[in-house]
1. Restrict the check to segment 61-69 and report whether at least one residue is under 12 Å from the mean Cα position of the chain (by Cα), buried (at least 20 other Cβ atoms within 10 Å of the Cβ) and modelled with pLDDT of 90 or more.
2. Which of the numbered conditions does Ala146 fail, given that it passes all the others? Conditions: (1) among the hydrophobic types (A, V, I, L, M, F, W, C); (2) crowded, with 17+ Cβ neighbours inside 10 Å; (3) not in a strand (DSSP E or B).
3. I'm told Gly59 meets every condition in (1) of a type outside the set (A, V, I, L, M); (2) within 22 Å of Phe165 (Cα to Cα); (3) part of a loop (DSSP other than H, G, I, E, B) except one. Can you identify the failing condition by its number?
4. List the pairs whose first member sits in segment 214-234 and is at pLDDT below 85, whose second member is among the charged types (D, E, K, R), and whose Cβ atoms are under 7 Å apart, counting only residues at least 6 apart or on separate chains?
5. Looking at segment 202-217, which of the residues that are out of contact with any Phe, Trp or Tyr (no Cβ under 7 Å at 6 or more places or on another chain) and in a helix (DSSP H, G or I) is surrounded by the most Cβ atoms within 10 Å (Cβ to Cβ)?
6. Checking Cys159 against (1) in a loop (DSSP other than H, G, I, E, B); (2) touching a helix residue (DSSP H, G or I) at 6+ places or on another chain (Cβ under 6 Å); (3) surrounded by fewer than 19 Cβ atoms within 10 Å (Cβ to Cβ); (4) of a type outside the set (Val, Ile, Thr), which single condition isn't satisfied?
7. Give the residue, chosen from Leu154, Leu107, Leu119, that is at pLDDT 90 or above, closer than 24 Å to Gln30 by Cα and either surrounded by 14 or more Cβ atoms within 10 Å (Cβ to Cβ) or not assigned by TED's automatic domain parsing to the domain that holds Glu65 (or both).
8. In segment 9-43, how many are in a helix (DSSP H, G or I), within 26 Å of Leu107 (Cα to Cα) and in contact (Cβ under 8 Å) with a residue 60 or more places away in the chain?
Amino acid sequence: MPEIPVPVGDFITSKAAQTISPIPAAGPNQRGPNCGFYALAYVMLYWYERQQAYGGDFGVSKPLEARTHNAQATPSPSGFWAGAAKKVSAGVGSYYSLRHYGKHNLLTAYGSVFNAENLVRVARGNGSQYDGQFDGHVISTRDAGAFVRVVKALLAIECPVIVPFDVSNTGDPMAKTGERAHWATIIGTYDDGADGAIHYHWGKFRYCPLLDFGQSNAQLTGNMFLAFRKCEATRGTQVVRDYMTAATVKMYQDAGFVVKARPGTVTNYEFCQPRSVADLKLLAQLKSYAPKLSEALEADKLKAHGFDAMNLTNAGLKDKIVVIYPRTARDFVRAIT
C-alpha cells in the first residue's frame, strides 16, 4: 500500500482520519542519504504553518530547508569559495540549511542522521539563528504495541511523529534488521478494521498498517557497513550531486547518467556502533582507533577488537521515535508521553 492515489485530503475524509492540521504540501523528493533532515524539515514547517493558520504564540520563524539547494543540485559545483562562505557563515551562527547545521556541528559526515538524539540536537539548533525555537525528545517504546499506542496519543493532539524503520522500494515498512533504515513522518492515523498510518517521505504521502511501522522499528538491530564517495551524475540538463555508494552509482549509470566521482571515501561510522566491544561504543573513541575506518577494516585492524562490519547495531534507532515541537509547547506535548 504505497502512495495515496487521490488528494491526501480526500483520503483523510474517506478514512475519517485523525491528522495534523494544516498538512504542509508535499515538498521536493529527498536528495541523497538525507532522509532525517527531510523528515525534520517537514515537521518544523508544519509547526510554522500551524502558527500562521491558527495563530498562537509558538515563536517560530519559517524554518530552514532540509539541505542547501533543496530541490536540485546547482548547475556547477559549489567550489572552494562557496564552501568557505558556508564555513564563515556557520562560524557566526547563520546556517544555510538543516544539513549545513548537522555537518558543521559534526552530527553527520555526509548527510545521514541515524541517531535519534542527534535529530533532536539539529531541531534545537544550539548556536544557530533558530536557537530556542524548537525542542524535542526521544521516546523509547517497549514493543510494537506500545509504539502504536504512543503514536496514536501524539496524533490525537496533532503532533507528528518521526519514525525510523526499514523501507521497501514501494515506501512501505519492512524487516531488514536496519539494512534499509530510513526516516518518515507519520502525520495521521485511522481505524480501518485495524489501525492505519498516513505517512510522508520521498516527497509523497503514503498509507500502511500502523503496526507495520512498529514492527519494523522494533527490529532495527544492524546495518551494512557502507562507504560513500562524493559524485556528480548528469543526464542532459539533469544534475545530481551527492554522496553515493557503489550501488547508487550503478543505479544512476543504468538509468543513463554519466557519473563522475571524487577521490576518497566517507564511511557510515556515525550510523553504527559495534555491538560487542565496549571500548568502541563512543564515536570519538571509534575515530581515535581508526580515523579512516574503511582502511582499518581492509587491514583487519579492528577484527582483534571483535568488530564485524556485517553485524552492527544502529546508533540509537531501535524501539525509538522522535517528537519535535515548538519550545513553547514542550510541557503540553511531554504530558502526553
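The values are calculated or read from the model by the stated rules, or taken from the named source; none is laboratory data. Keep in mind it's a predicted model, so treat the numbers as computed, not measured. No Cβ is skipped: glycine too gets one built from the backbone with ideal geometry, and neighbour counts run over all protein chains shown.
1. Yes, some residue in segment 61-69 is under 12 Å from the mean Cα position of the chain (by Cα), buried (at least 20 other Cβ atoms within 10 Å of the Cβ) and modelled with pLDDT of 90 or more.
2. Of the numbered conditions (1) among the hydrophobic types (A, V, I, L, M, F, W, C); (2) crowded, with 17+ Cβ neighbours inside 10 Å; (3) not in a strand (DSSP E or B), the odd one out for Ala146 is (2).
3. (2)
4. Every condition considered, the pairs that remain are Thr221/Lys318; Asn223/Glu179; Met224/Glu179.
5. Leu210
6. (3)
7. Testing whether each residue is at pLDDT 90 or above, closer than 24 Å to Gln30 by Cα and either surrounded by 14 or more Cβ atoms within 10 Å (Cβ to Cβ) or not assigned by TED's automatic domain parsing to the domain that holds Glu65 (or both) leaves just Leu119.
8. 8
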